[in-house]
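One structure below.
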Amino acid sequence: MLKKLTKKIVEFRNNRDWKQFHTPKNLAISLSLEASEVLDHFQWKDDDEVASYINSHKKEIGDELADVLSYILLLSHDLDIDLTEAFKQKMLQNEVKYPVDKAKGNNKKYTEL
């Protein structure tokens, strides 16, 4: 699935001749900016307001998440990083850092477990 999505966003970019603007630095900045736009949906809302807002703004939040994903896919493509493999490796690391017997129901960072 990731390969299909990557192919689609790379084709979209290439059809518009935008690769010239997509340096790793610029893609990383754009990724951060788009992630901030996700945060904007939740700023200054309490838990009840967030729950209500999510129900009425799913499309808008989804649009921002899709933008984040687009930049992740482009950056990983351009850096020749296999996201599926990177994810699997990261999960293995996380399993070591956060063993179930210590981390379950606990929000502490691994260095505090």
- Which residue, VAL96, VAL50, VAL38, has the most motion in a Gaussian network model of the chain that connects Cα atoms within less than 10 Å? VAL96
- Phi angles of region 27-43, converted by Karplus (6.51 cos²θ - 1.76 cosθ + 1.60, θ = phi - 60°) into ³J(HN,Hα) in whole Hz with x for Gly and Pro, give 5, 5, 4, 4, 4, 5, 4, 5, 4, 5, 5, 5, 4, 4, 5, 10, 4
- Query: Short version: ³J(HN,Hα) in whole Hz for each residue of region 101-113, in order, from phi by Karplus 6.51 cos²θ - 1.76 cosθ + 1.60 (θ = phi - 60°), x for Gly and Pro, what are they?
  - Reply: 5, 9, 9, 4, x, 10, 9, 6, 5, 3, 6, 9, 6
- Item | Cα-centred dipole magnitude for the chain, charges only on beta-carbon of K, R (+1) and D, E (-1), debye, nearest 20 | 540
- Item | Computed lengthening from VAL96 to THR84, 0.36 nm per intervening residue step minus Cα-Cα distance | 2.4 nm
- Message: Given the DSSP H assignment, sum -39500 (n - 2.57) over each helix run of at least 4 residues in the chain and divide by its residue total; what's the result at 222 nm in deg cm²/dmol, nearest 500?
- Response: -23000 deg cm²/dmol
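Taking chymotrypsin sites (Phe, Trp or Tyr not before Pro) that fall in a DSSP loop and have at most 13 other Cβ atoms within 10 Å as cut points, what is the longest piece of the chain between them?
45-113
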- Query: Once both labels are modelled 7 Å past Cα along the beta-carbon direction, what's the ASN15-LYS59 spacing in nm?
  - Reply: 2.2
- Message: Show me, for region 64-79, the HN-Hα J-couplings you get by feeding each phi into the Karplus relation (A = 6.51, B = -1.76, C = 1.60, θ = phi - 60°), rounded to Hz, glycine and proline as x.
- Response: 5, 5, 5, 4, 4, 4, 4, 5, 4, 5, 5, 5, 5, 4, 5, 8
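Just tell me the longest site-free run in the chain, where the sites are trypsin sites (Lys or Arg not before Pro) in a DSSP loop having at most 13 other beta-carbon atoms within 10 Å.
On the way: sites that count: ARG16, LYS45, LYS104, LYS108, LYS109.
Excluding the exposed sites themselves, the longest stretch runs over 46-103.
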- Query: Which distance in Å, rounded to a whole number, links the C-alpha centroids of region 4-76 and region 87-113?
  - Reply: 27
- Connecting every pair of Cα atoms under 10 Å apart in the chain and solving the GNM, the largest mean-square fluctuation among SER30, SER76, SER52 falls on SER52
- For the chain, build the charge dipole from Cβ charges (+1 Lys, Arg; -1 Asp, Glu) around the Cα centre, then report which of LEU33, ILE61, LEU113 sits farthest towards its positive end. LEU113
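For the chain, what % of the accessible area comes from carbon and sulfur atoms, probe 1.4 Å?
Numbers: 5040 of 8880 Å².
Ligands and nucleic acids excluded, carbon and sulfur reach 57 percent.
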- Query: Hey, what's the chain come to in accessible area per residue, 1.4 Å probe, Å²?
  - Reply: 79
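The values are calculated or read from the model by the stated rules, or taken from the named source; none is laboratory data. The structure presented is a predicted model; accordingly, all values stated were derived computationally and were not measured. Every residue, glycine among them, receives a Cβ derived from its backbone with ideal geometry; neighbour counts consider all protein chains shown. Ligands, DNA and RNA are excluded from the accessible area calculation, which covers all protein heavy atoms including side chains. Shrake-Rupley method; radii C 1.70, N 1.55, O 1.52, S 1.80 Å.
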